[in-house]
Every structure is written in structure tokens, then in C-alpha cells.
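So the structure is just underneath, and the comments pick up after that.
No value in this document is a laboratory result; all are computed from the given coordinates. These numbers were taken from a predicted model, which means no experiment stands behind them. When we count neighbours, we look across all protein chains shown, and the Cβ atoms used for this are built from the backbone with ideal geometry, even at glycine.
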Amino acid sequence: MNATIPVITIDGPSGSGKGTIAKQLAEQLGWHLLDSGALYRVLACYAQRQQVQADEAAKLGELARLLPIRFEGERIWLDSEDVSSLIRTESMGNAASRIAAIPEVRAGLLQRQRDFVRPPGLVADGRDMGTVVFPQAQVKIFLTASAEERAKRRYKQLLDKGMTVKMNSLVEEIRERDERDRTRTESPLEVPAAALQLDSSSMSIETVMQQVLDFVQLKLSPAAS
Ligand code: C5P
């Protein structure tokens, strides 16, 4: 890993707003973006295509290392298939979360995530960005929000993407996924040391963004190093 290229990590549970904030921050800074959740989602899709089951840890680890994924602006490709919409369903999120608990899978994706570090800098969004993948990151942020608010946001996001969802089952799926992400033994979702913690439940995106930008400026100013 190149320690001279700056990295900002944004971790948190689903619906905390981390995806939106990471994207806007990367755009504002002119830095690269790593949506690490997309890697787990595409891998879940690849495993289905290859008929590899969730209990075949070694095979899943191999698929993770070989995953033929390509990010092209807003589009995400698995081989020659555009899977951008397909991977965003809650059921694919849940499938991703099941395989994400497997050590072989996490090991297979580790270096691939680190390869995203390129000048002038990287904004990385996920669950273990600040704790495991980029522990040396100069700026770490942990975003959260109440379970009700997160479910509402996911509901709106999915509707905006033209997907049909039932609020009751969504709340249940989000709760199940968060519980699994928090309690797994391998790289669980947790607050990294020295992270800025923000609860965005009653904050607008603009307010969250401003607080994040202030923190980034503080941490990246020459006086901070
Ligand atoms: O962030 P997103 O909802 O796309 O992530 C999908 C799933 O992938 C998460 O529920 C989590 O289980 C897994 N994930 C992970 N580590 C990351 C990013 C995502 O375990 N860094």
C-alpha cells in the first residue's frame, strides 16, 4: 500500500447515508471512490451465476480473487453483463452480507480493495474500511442513523430505482443484515479508533456533508500532520 496517497474511510450500516456522502466527497475533492459494498454484492451475484453455494468457502474465496468486475462511471459490470441495478436489491444485499462473513471471501477481496488507492487520493465506503482495509487512513468517519430512519431511506432509494418493496419486509431484512454485519467474527462493523462519529438521523445531507468537510480539512491541513 502506498502510504503517501491520502485515504478517507467512511464506514457505517446500510442506510446511514455513507454512500451518498462518499460519492459527493470524492467528487468535491476530485479523488477516486471505492464502493466496497458493490464488490460483495457483485461477488454474491457471481456466485449465483457460477452455482457456488454459501457454504463453499474455498470456492467463494477463489471467485473473490478472480471476480471479473469493472466500474465504469455509474455502471458496474460483471464480465460482459451490466449488473448495476440487479445488485441493488435488498435480497442481493442480504446474499452479499452472508458471504461477507466468510474469511476466505474477505481475504480474496482485500488486495483488490487496496489497489483502488491511486493519486490524488481515495474515498472508501464500507463496513471495515477504517479498521481492516485501510487502517493507516488519514481521515476516518463513522456514519450511523436510527434503524427507523435507515429503513425509510432505503425504502425511498429502492423506490427511486423503480424497485417494488414492502416496508415491513425491508425493516426485517435491514435488521437481519445489520445484526449479521455487527456480530460476525471476521471484520465486524465497528467504529474505528479516532473516527469522527456522526448520527445523521435528524440531519440533512448538506449538514452531514459540511461536518464531514470541516473534519477532512482539519485532518488534512499541514498543521495536523
Ligand atoms: O454497503 P452495502 O449495503 O452495499 O453492502 C452490502 C453488504 O456487503 C453489507 O451488508 C456487508 O455485509 C458487506 N460489506 C462488508 N464489508 C464492506 C462492505 C460491505 O462486509 N466493506
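What the table shows:
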{"item": "Selection of trypsin sites (Lys or Arg not before Pro), the range 84-166, meeting DSSP coil and at most 11 other Cβ within 10 Å", "result": "K166"}
{"item": "R0 of 35 Å, Cβ-Cβ distance S80-D160: FRET efficiency to nearest 0.05", "result": "0.85"}
{"item": "Coil-residue GluC sites (Glu not before Pro) of the range 1-81, DSSP, other Cβ within 10 Å capped at 12", "result": "E74"}
{"item": "Under 16 Å from the Cα of K23 - aspartates and glutamates, other chains or at least 8 residues apart", "result": "D11, D35, E72, E74, D125, E206"}
{"item": "With eigenvalues of the C-alpha gyration tensor scaled by 5 and rooted, the range 1-58, Å", "result": "29, 15, 10"}
{"item": "Reachable aspartates and glutamates, given that their alpha-carbon falls under 16 Å from the alpha-carbon of K166 and they are not under 8 places away in the same chain", "result": "E90, E148, E149, E176"}
{"item": "Cα-based convex hull, the chain, per residue volume (Å³, whole number)", "result": "119"}
{"item": "Two-site FRET efficiency, S221 against D115, from Cβ-Cβ distance with R₀ of 22 Å, rounded to 0.05", "result": "0.20"}
{"item": "Residue-by-residue Karplus 3J(HN,Hα) for the range 165-174, coefficients 6.51, -1.76, 1.60, Hz, glycine and proline x", "result": "9, 9, 4, 4, 6, 5, 4, 5, 5, 5"}
{"item": "Taking the range 7-209 and dividing mean pair separation by its residue count, relative contact order in percent (alpha carbons under 8 Å, at least six apart)", "result": "35"}
